[in-house]
Amino acid sequence: MSYKPMEIIIGWLYPKLMSTYGDRGNVITIQRRAQWRGYNVIVLPLDQESTTEDIKSVDVIVGGGAQDRQQEIVMRDLQGAKAEAMRDKIERGTPGVFTCGSPQLLGNYYEPAFGQRIEGLGILDLVSIHPGENTKRCIGNLVIEVTASRLAQELEAMTGTKPYLVGFENHGGRTTLGKVEALGRVVYGLGNNGEDGTEGAFYQNAIATYSHGPLLPKNPFVADWLIQTALKLKYQQEIKLSPLEDTLAMQGREAILKRLKVNLPS
Ligand code: GLN
């Protein structure tokens, strides 16, 4: 009998239009960490050429950021049957990491600095408004404590420590959450809107954040959570991932935290 390794299909939302500030780093991290454990990985772009069947076939979804213009093109393409397929995937618990422009797209609407309001998919109960060209963008390092309760518990079970994420934000839009849980609480940086201390959102198994593509390289345990959750859903069995050598990533995190003078409880 031939042995067939388990397989993960990563659906990458509009790689050509939505991949600002190193967002492909998130795709590569999931891909490599799964391959290093012997899983087969397929990276499938989900874009204008894709069908609803493509969307249905993926096991984990990665969506990056975009400039307002590109975001508008994507939001207009992702309507109708494609929007329904995306909604269905997320509602059924397909894990994903959605950065910056992507959560704006999964939310109720986005109001750009110029032009008209763009309707979102309404999967995440949040709205995003760009307050205009003369308002400062939210740019810089971002440190958050994960407060979304189930995610925080699952990450803590994997790592043995309270989950803090180190990232980098760059956005003009300000997001206000409706009836959706925040991903976390801002420890350093601005997060959703620079005012209420929330960062991102967590819904089913979708992680929405303003933190860009270095997110998973800097917080590899989140990539492992995505892989584990995807495999569990697909193969309907508990999956325990073998440990990897993460010293370099952890040293990188420590160096950033030291530079920001952020002391996290150990
Ligand atoms: N266009 C959005 C904003 O400026 C998203 C930016 C991004 O994805 N980096 O808020």
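We did not get these values from a lab; they are worked out from the coordinates using the rules stated. Please read these numbers as outputs of a predicted model, since none were measured by experiment. Cβ: placed from backbone, ideal geometry, glycine included. Neighbour counts: every protein chain shown.
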Longest DSSP-loop-exposure-free segment, chymotrypsin sites (Phe, Trp or Tyr not before Pro), the chain, at most 11 other Cβ within 10 Å: 115-266
15 Å tail of the calculated P(r), region 202-266, as % of Cα pairs: 64
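Using a 10 angstrom Cβ neighbour count of at most 15 plus a DSSP loop assignment to flag exposed GluC sites (Glu not before Pro), which longest range of the chain is free of such sites? List each step's numbers first, then the result.
On the way: sites that count: GLU49, GLU133, GLU195, GLU238, GLU245.
My reading of the result: 50-132 is the longest stretch.
Taking 2.2 N^0.38 Å as the expected size of a compact globular protein, what ratio does the Cα radius of gyration of region 108-266 give against it, to two decimals? Don't skip to the answer; put the middle values down first.
Details: Rg = 16.6 Å, N = 159, 2.2 N^0.38 = 15.1 Å.
Compared with the compact-globule rule of thumb, region 108-266 sits at 1.10.
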Selection from ALA255, ILE144, ILE239 lying farthest towards where the dipole of the chain points positive, charges on Cβ: ALA255
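So, with +1 on the Cβ of K and R and -1 on the Cβ of D and E, and no other charges, what is the size of the charge dipole of the chain about its Cα centre, to the nearest 20 debye? Kindly include the intermediate steps, with their values, before the conclusion.
Numbers: 29 positive and 30 negative charges, 115 e Å.
Dipole magnitude for the chain comes out near 560 debye.
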For the chain: span of alpha carbons on each principal axis (Å, largest first): 62, 47, 30
Cut-off under 5 Å, modelled amide H: who pairs with ILE207 long-range: GLY96, VAL97, PHE98
Sequence-distant residues sharing a close amide H with CYS138 (under 5 Å, placed H): HIS171, GLY172
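What FRET efficiency would be calculated for the residue pair ALA113, LEU264, taking the C-beta separation as r and a Förster radius of 45 Å, to the nearest 0.05?
Numbers: r = 35 Å, r/R0 = 0.78.
Working from the Cβ atoms, E equals 0.80.
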30 Å Cα-Cα threshold exceeded, pairs from LYS162/LYS240; LYS16/LYS179; LYS89/LYS261: LYS16/LYS179; LYS89/LYS261
All-pairs Cα distance distribution in region 1-40, expressed in whole percent, bin size 5 Å: 6, 20, 25, 18, 14, 9, 4, 3, 1, 0
